[in-house]
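Structure first, commentary second.
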Amino acid sequence: MISIAAIAAFCLGVTSQAAIIVPRQAAYSTDSGLAGQTIYMPSTVPANVKLPVIVWGVGGCSDSGTATAEFHQELASYGFLVIVNNGPTSRGTVAADTLVTAANWAEKVAGTGKYASVDKSRIAVAGWSCGGLQAYTVANDPRWVTIGIFSSGQLDASQSVPVASKIVKPIFYFLGGNGDPAQTPGTRDYGNLPKTTPAWIGTDNKGHGHSGTGTFTAPAIKTAAVRWAQWLLRGNTTAATFFTNNAEATKAGWTGISSQSLDKIAVTPI
Ligand SMILES: *[C@@H]1O[C@H](CO)[C@@H](O)[C@H](O)[C@H]1NC(C)=O
């Protein structure tokens, strides 16, 4: 039997940098320099692989940092440092600026110690439901490469234009269909983006929790999130076809797909 390490070494030898690794093999940890947040990293990082950063706002702005652990583990295992803005067991309410705190911390530790592989030039912000609203709140921080809105949108219709019309970074909406109270708000926000802003929207019909239980365990949402991060943060153009050619997303269970200005996305591959 060929070991995973041998396969990884083989891939690294023949492709530029097959970025990972072992799906779902990513542990979470905490760091005394980043109180009240939960950090997910791949369990092993080949020497020449860089880890872009995803800061994530939890559902309800109060879910624990492990409430959707399997989803974050899966994402991290593809070569990302995922920082979730609540402690592993905390159910305390968190503020939107914790996302900025996470990015500040990532910038500080990148290149040092266990974070030697972290690439601070590639940081995304995302969030689920109330956490998605927090991503919107800090959306104009110039560091974000992209914004991920998961089952979220401005519930107050009067806020849609003021918020959405200011978004310039590529923004991706992953909505849950008719069972998702964010379906209408998210769709409305998408419609109010500047037409020059690269954007994608789709619905997986899994409801507000994306799996019916709020655990983000369904393959459709995991696949879409991984492809989003691979394209926007790693510059992987193979992953891009999930969004630029509806066939893949449709096969994965996504409907109501629309996009605009995706041809403006240009990311140097790492
Ligand atoms: C690029 O993305 C595709 C689709 O997700 C994946 O199969 C491939 O391994 C990725 N390549 C690298 C170098 O990460």
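Applying a threshold of 6 Å to beta carbon distances and a minimum spacing of six or more residues, or different chains, the list of pairs starting in region 222-235 at a residue that is touching a residue at least 60 places away in the same chain (Cβ under 8 Å) and closer than 11 Å to A124 by Cβ and ending at one that is more than 8 Å from the ligand (Cβ to nearest atom) and aromatic (F, W, Y) reads W228/F172; A229/F80. Look at (1) within 16 Å of the ligand (Cβ to nearest atom); (2) among the polar types (S, T, N, Q); (3) assigned to a loop (DSSP other than H, G, I, E, B) and you find that N205 fails only one, number (1). Of all residues in region 238-260, those that are in contact with a Ser or Thr (Cβ under 6 Å, 6 or more places away or on another chain) and either farther than 17 Å from P219 by Cα or away from the ligand (no atom under 16 Å from the Cβ) (or both) total 2.
Quick one: which residue in V161, V168, V267 is more than 14 Å from the ligand (Cβ to nearest atom), in a loop (DSSP other than H, G, I, E, B), surrounded by fewer than 22 Cβ atoms within 10 Å (Cβ to Cβ) and among the β-branched types (V, I, T)? Matching residue, one of V161, V168, V267: V168. Filtering region 95-112 for residues that are among the hydroxyl-bearing types (S, T, Y), in a loop (DSSP other than H, G, I, E, B) and within 16 Å of the ligand (Cβ to nearest atom) leaves an empty set.
Conditions (1) modelled with pLDDT under 95; (2) surrounded by 24 or more Cβ atoms within 10 Å (Cβ to Cβ), marked per residue:
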| position | (1), (2) |
| --- | --- |
| A27 | yes, no |
| S32 | no, no |
| V49 | yes, no |
| S62 | no, no |
| T68 | yes, yes |
| F71 | yes, yes |
| N86 | no, yes |
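Evaluation of V226 against the conditions (1) more than 12 Å from the ligand (Cβ to nearest atom); (2) under 22 Å from G176 (Cα atoms) shows that the sole unmet condition is (1).
Could we say that T146 is among the hydroxyl-bearing types (S, T, Y), over 15 Å from the mean Cα position of the chain (by Cα) and at pLDDT 95 or above here?
It is false that T146 is among the hydroxyl-bearing types (S, T, Y), over 15 Å from the mean Cα position of the chain (by Cα) and at pLDDT 95 or above.
Scanning region 135-154 for residues that are among the hydrophobic types (A, V, I, L, M, F, W, C) and in a loop (DSSP other than H, G, I, E, B) returns V138, A139.
The values are calculated or read from the model by the stated rules, or taken from the named source; none is laboratory data. Source: prediction; values computed, not measured. Glycine also receives a Cβ, built like all others from the backbone with ideal geometry; neighbour counts cover every protein chain displayed.
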